[in-house]
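Notes for the one structure printed next.
Values in this text are rule-based calculations from the coordinates and carry no lab data. It should be emphasised that the depicted structure is a prediction, and the values quoted were computed from it without experimental measurement. Every residue, glycine among them, receives a Cβ derived from its backbone with ideal geometry; neighbour counts consider all protein chains shown.
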Amino acid sequence: MEEQNVIRSLSALAQEIRLRVFRALVVAGPDGMTPGALGEALDVAPTTLSFHLKELSHAGLIVPTRDGRHLIYRADYAQMNALLGYLTENCCRGTSCAEPVAPVCKTC
C-alpha cells in the first residue's frame, strides 16, 4: 500500500462519525447497509451522513453499489487489510510481539 493511500485512509478514520460508519459497515459484512439504515442505526442526519460516506468512499475504505433504486455501502475488506498490513509490516522487528495481534478479517 502506498503511503499516500495510508494517509488518506487514516485521515478518513480520524473523525468520530466516519469511524462509527466504517465500524458499522465492517459489522454488517458483505450484506452492507443502505444510507437510511446507517443513519437510523447511528442517529446521523442524512446530509451529514452523505458527506461522511463520500469521504470514506474517496479514501477507498467503503464501496457503494446500486441495488435497484437503493445504494448499498460495504466496507472494502481488501483496503482495510492492506492498511492493517502496512501498519504492522515490521511489527516487533521480526520477533514475537508481547501482545497477541488480532487476526486480519477474512470475511471477504
Among 83-89, 7-13, the order from most to least packed when residues are scored by Cβ within 10 Å on average:
7-13, 83-89
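From the mean inverse distance of alpha carbon pairs (Kirkwood) and the Cα radius of gyration, derive Rg over Rh for the range 3-89.
That ratio is 0.96, to two decimals.
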Once you charge only the Cβ atoms, +1 for Lys and Arg and -1 for Asp and Glu, what is the size of the charge dipole of the range 3-89 about its Cα centre, to the nearest 20 debye?
180 debye
